[in-house]
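As structure tokens, the structure follows; a few thoughts come after it.
The values are calculated or read from the model by the stated rules, or taken from the named source; none is laboratory data. In this text, all values refer to a predicted model and were calculated from it rather than measured experimentally. Every residue, glycine as well, gets a Cβ built from its backbone with ideal geometry; the counts of neighbours run over all protein chains shown. Note: areas computed on protein heavy atoms with side chains; ligands, DNA, RNA excluded. Shrake-Rupley method; radii C 1.70, N 1.55, O 1.52, S 1.80 Å.
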Amino acid sequence: MQLRFLPNALTALAFLFLAQHVHGQLGGLHTYEFLNLSPSARLTAMGGNLITVRDDDVNLALGNPAALNPDMHQQIAINHSFHVAGISHGYAAFGHHFDSLGLTSHLGVQYISYGTFDETNDRGEVLGTFDAAEYAINFGVGKQVYDRLAIGANLKVITSQMAGYSSFGLGADAAATYIDTARNLTATLVFRNMGRQVTYYTEDNLEPLPFEMQFGISKRLKYLPFRFSVIYRFLDRWNIRYDDPNAEPSLLFFGEEQTEESPSSIWFDNFFRHLVFNGEFLLGARENFRLRFGYNHFMRRELGLDNFGSLAGFSFGVGVKISRFRIDYGHQSFHLGGGLNHISIATNLQEFKRKN
């Protein structure tokens, strides 16, 4: 009997436990890749990454535990994304601040379901069906250690079940955020997905977690209700291009074929693949209406099609607070085949206590 099934998320790099140099293509090198999916509609709308903001959004702590702060006390958020091919992904989180310790914590559950698959033999005969899903329980704490410096850490318990195979792992994040309120400037350094598998899908087949170092800067303009961010991903590696040896030459204007790329164009393309650009308009006296957009050059280059225009890599969204609830929507374009729609609902339990 043969299972014709290639797991979507087989990944793992242990920064604290393993040392591994990665060059070129990133896809397919790690396990638990679902850890890199955007947890909320807000992040989806902003290119899938937002490590440079500290406000009352408890979802931010998943990507940057140093973002945890007292404004997240009693915040609860539920997020669900309608992924391509019927894949279901979501995240739920709750924040709590401990005055006596000066610590803010969060607890979250991240999940992804790949759906139901046909189990076949080597002749293609259907023998039955099987499911594939992955989960991560996240717990983190953050603390303001100086006037302008906050630190935080997350611990992740990860489990994965794919057909008759399963895996269990432990991961961790560490982050530090510098906040300059006088200049409305924030800078963050994050070490994401440190750790390793504890049990493997198959015997003696250890796969690395998708470890990544990120650095980001955000600035809120003085005379405009707008904040922009630039995040540099993969600080721990330089070459993240994938050069397809079977790719056909791209057509330029007037039908001319594109000549071989110059070293400078390769350098700039690789550099911009590291960057995520995003912005957010904060409108209204209480900033209850927000417009967002983002651009991820890595996603555009990896998912775009030669000689076909698309919005791959671009994202946008909107957020509004109605009564006690904040509702967000985000859309991220993958390629001509479709994109991701994300919905989030958040509230603060304290608001119900005050009004009752």
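Counting only residues that are surrounded by fewer than 19 Cβ atoms within 10 Å (Cβ to Cβ) and not in a strand (DSSP E or B), how many does segment 210-225 have?
5
Tell me which residues, restricted to segment 167-189, are of a type in the set (Gly, Ala, Ser) and open to solvent by 60 Å² or more (accessible area, probe 1.4 Å).
Correct list: ALA182 only.
May I ask you to say which residue of PHE228, PHE268 is surrounded by 15 or more Cβ atoms within 10 Å (Cβ to Cβ), modelled with pLDDT of 60 or more and out of contact with any Asp or Glu (no Cβ under 6 Å at 6 or more places or on another chain)?
Testing whether each residue is surrounded by 15 or more Cβ atoms within 10 Å (Cβ to Cβ), modelled with pLDDT of 60 or more and out of contact with any Asp or Glu (no Cβ under 6 Å at 6 or more places or on another chain) leaves just PHE228.
Determine the pairs where a residue that is farther than 21 Å from HIS96 by Cα and open to solvent by less than 60 Å² (accessible area, probe 1.4 Å), located within segment 334-356, has a partner that is modelled with pLDDT of 95 or more and β-branched (Val, Ile, Thr) with Cβ atoms under 8 Å apart, the partner being 6 or more residues away or on another chain.
Within 8 Å, the pairs are LEU340/THR44; HIS342/THR44.
Yes/no matrix, rows are residues, columns are (1) in contact with a helix residue (DSSP H, G or I) (Cβ under 7 Å, 6 or more places away or on another chain); (2) without any contact (Cβ under 8 Å) to a residue 40 or more places away in the chain; (3) closer than 30 Å to GLY152 by Cα:
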residue	(1), (2), (3)
SER105	no, yes, yes
ASN121	no, no, no
GLU125	no, yes, no
GLY128	no, yes, no
ASN138	yes, no, yes
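If we keep just the residues of segment 274-286 that are in contact with a Lys or Arg (Cβ under 8 Å, 6 or more places away or on another chain) and open to solvent by 10 Å² or more (accessible area, probe 1.4 Å), which is farthest from HIS297 (Cα to Cα)?
Residue satisfying both the conditions and the ranking: ARG286.
Kindly check whether there is at least one residue in segment 25-47 that is over 30 Å from LYS219 (Cβ atoms) and at pLDDT below 55.
Scanning segment 25-47 turns up at least one residue that is over 30 Å from LYS219 (Cβ atoms) and at pLDDT below 55.
Working only within segment 54-68, note down all residues that are closer than 18 Å to LEU35 by Cβ and either assigned to a loop (DSSP other than H, G, I, E, B) or under 14 Å from the mean Cα position of the chain (by Cα) (or both).
Those that are closer than 18 Å to LEU35 by Cβ and either assigned to a loop (DSSP other than H, G, I, E, B) or under 14 Å from the mean Cα position of the chain (by Cα) (or both): ASN59, LEU60, ALA61, LEU62, GLY63, ASN64, PRO65.
So which of THR129, THR104 ends up being in a strand (DSSP E or B), over 30 Å from TYR295 (Cβ atoms), open to solvent by 10 Å² or more (accessible area, probe 1.4 Å) and of a type in the set (S, T, N, Q)?
After ruling out the rest, the residue left standing is THR129.
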